[in-house]
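**Student:** Right, I'll just put the structure down here and ask away after.
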Amino acid sequence: MKKSINNILSLLLVLSSLSFVAFSESFSSENPIVLPTSDDNIILPEIYDQDDDPIRIGMTYIIMNPNIGGGAVYLDNIGHLKCPNAVLQHVPVPGLMGDGTAVMFVRDKSDEGEVVRVMTVVYIKFFVETTPLCVNETVWKVNDEKFVVTGGKVGNENDIFKIMTTDIVIRGYKNIYKLLHCPAYVKCNAIGGSLKNEHFRLVTVDDQHFVPFVFIKA
Ligand SMILES: *[C@@H]1O[C@H](CO)[C@@H](O)[C@H](O)[C@H]1NC(C)=O
């Protein structure tokens with residue numbers, strides 16, 4: 001029984017990160033598309049949600065993998081820890097389905113309402129009711145094992161994420177992106193998925209194995 005569940009989950013993991021195979025050659029995380037304007041300022045493209053509205057700092061979104069086998073991203077406690085800190089992805093399997101946990105994209109400056117653009121600095125913060133004990137466990141970071149977890153800090157240059165466009169096409173979705181973790185002084189790493197102890201955890205991966213994400217207003 002346990003083995004067959006693991007087989008199903010493994011299949012879903014493959015399905016949930018399939019579409020990159022065909023498209024991974026066509027773009028690179030290091031070369032954001034820039035659109036020069038008439039006065040030579042560089043304006044980076046905006047990031048859009050599923051309603052075609054630009055993503056804004058301080059508004060709430062569900063991050064979702066639109067692939068078959070994919071699902072919404074959520075926060076959970078999978079280690080009997082003091083505070084939940086695992087950043088996981090739902091999958092279409094009974095017991096593992098769900099609506100996700102809303103996030104906000106934030107920055108250390110007060111730029112509430114500003115539009116998020118391609119390859120610009122954001123911090124990702126779960127928007128959840130939390131106990132005073134766990135107030136510092138909502139911001140995403142990447143731990144030493146390459147897992148995305150909470151416990152990051154807005155303003156910490158190792159907890160920076162960026163969003164990159166893709167040319168992935170998935171029926172029923174538009175504006176499909178790649179998430180990148182961009183710690184100080186080293187190259188960005190794409191975010192993908194890893195199956196561990198029957199949980200789909202978000203992890204940093206090499207560029208070919210990223211998971212596509214869309215943003216839905218929460
Ligand atoms: C959360 O972080 C703030 C600022 O660093 C600190 O003063 C506070 O003690 C922390 N709270 C907990 C519960 O760890």
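**Student:** Most mobile of VAL148, VAL186, VAL116 per a Gaussian network model of the chain (Cα springs, under 10 Å)?
**Tutor:** Evaluated over the chain, the most mobile residue of the options is VAL186.
**Student:** Let me ask another. So for segment 86-211, taking the charge dipole from beta-carbon charges (+1 Lys/Arg, -1 Asp/Glu), which of LEU133, VAL154, VAL91 sits furthest toward the positive end?
**Tutor:** Farthest towards the positive end: VAL91.
**Student:** Turning to a different aspect of this structure: Could you order peptides 154-162, 107-115 by the average number of other Cβ atoms within 10 Å of their residues, highest first?
**Tutor:** In decreasing order of mean packing, 154-162, 107-115 become 154-162, 107-115.
**Student:** Another question, if that's okay. Just tell me which lysines come within less than 28 Å, Cα to Cα, of LYS109; anything on the same chain fewer than 8 places away is out.
**Tutor:** Reachable lysines: LYS125, LYS141, LYS146, LYS153, LYS162, LYS178, LYS187, LYS217.
**Student:** Evaluate the charge dipole of segment 116-218 about its Cα centre and quote only its size in Debye, nearest 20, assuming +1 on the Cβ of each Lys and Arg and -1 on the Cβ of each Asp and Glu.
**Tutor:** 360
**Student:** I want to verify the translational diffusion coefficient of the chain in µm²/s; compute it with Stokes-Einstein, Rh as the Kirkwood radius over Cα pairs, at 10 °C and 1.306 mPa s.
**Tutor:** Result for D is 90 µm²/s.
**Student:** Kindly identify segment 68-133 as rounded, prolate or oblate by the Cα gyration tensor criterion: order the square roots of the eigenvalues as a ≥ b ≥ c, call it rounded if a/c is under 1.5, otherwise compare a/b with b/c, prolate if a/b is larger, else oblate.
**Tutor:** Verdict is oblate for segment 68-133.
**Student:** Show me 9-16, 168-175, 65-72 ranked by packing, highest mean number of other Cβ atoms within 10 Å first.
**Tutor:** Ranking, from highest mean packing down: 65-72, 9-16, 168-175.
**Student:** Per residue of the chain, what 222 nm ellipticity follows from adding -39500 (n - 2.57) for every DSSP H run with n ≥ 4, rounded to the nearest 500?
**Tutor:** My calculation for the chain gives -2500 deg cm²/dmol from helical runs alone.
**Student:** Can you give the percent of C-alpha pairs in segment 91-176 whose distance is more than 19 Å? Let's see the in-between values first.
**Tutor:** Values: 1956 of 3655 pairs.
It works out to 54 percent of all Cα pairs.
Throughout, read-outs are computed from the coordinates displayed, never taken from laboratory work. Keep in mind it's a predicted model, so treat the numbers as computed, not measured. Glycine gets a Cβ as well: all are built from the backbone with ideal geometry, and neighbour counts include every protein chain shown.
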